[in-house]
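J.: Take this structure first; my questions come after.
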Amino acid sequence: MNCREARDLLLEADLADLAPGAGSELAAHLETCTACRRAAARIVGVEGALARRLAAVRPTLEESAAVARAVAAARRRATVRRIGFGTLAAAAAAAGILLLPARQVSRPSLPAVGPAAPVGFSVTASPAQSLVVLQPADSNIVVVWYLTSRRSS
């Protein structure tokens, strides 16, 4: 076995195969080659450090408790999203209304209300009804309201 083959096998080998006297062809090469033995030692050292770090961050909860906690957290987030979005939208609308400057709205002038209807327009109400006719000065629209009279007959 040459060094190139040994280095390729180092990346896939089980750590037990890297120990002296393991009986594999790779172990025999590591006993005779200093450069490959150093590479194997680095791999074993990094694997050991990784194992120690993983042991330090091992979860403290059992699997079922961790799943139950995750499900409960997901439900809380979903509820907050449902309630939170509506509340956020309402707050944004209220803030928009409160922060916008009040605009002066120009209203068209209306003619005086009375029994006279606009020229070319005729409306007749029954005796039991009151009548209101409105037409803005700059519009071709006529609004007619028939109101029930509360007079006794």
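J.: Among CYS3, CYS33, what is the fewest-to-most ranking by other Cβ atoms within 10 Å?
T.: CYS3, CYS33
J.: At 0.36 nm per residue, and after removing the present C-alpha to C-alpha distance, how many nm does the segment from ASP8 to ALA78 gain when stretched out fully?
T.: That works out to 20.3 nm of additional length.
J.: So, in nm, how far is label LEU131 from label ALA89 when the simple model puts each one 7 Å beyond its Cα toward the Cβ?
T.: Distance between label points: 4.7 nm.
J.: Using 7 Å Cα-to-Cβ label points, what is the VAL123/VAL57 separation (nm, one decimal)?
T.: 7.9
J.: Around GLY23, under 13 Å between beta carbons, what's the net of Lys plus Arg minus Asp minus Glu among the other residues?
T.: Once all neighbours under 13 Å are counted, the net charge is -4.
J.: Same structure again: For MET1, project a label point 7 Å along Cα to C-beta. Then give me every residue of region 33-66 with its amide nitrogen under 18 Å of that point.
T.: Under cut-off, by backbone N: 33-45.
J.: Given H placed on each backbone N at 1.01 Å, which residues far from ALA13 in sequence or on other chains put an amide H within less than 5 Å of it?
T.: Result for ALA13 returns nothing.
No value in this document is a laboratory result; all are computed from the given coordinates. These numbers were taken from a predicted model, which means no experiment stands behind them. Here Cβ is always computed from backbone atoms with ideal geometry, including for glycine, and neighbour counts include all displayed protein chains.
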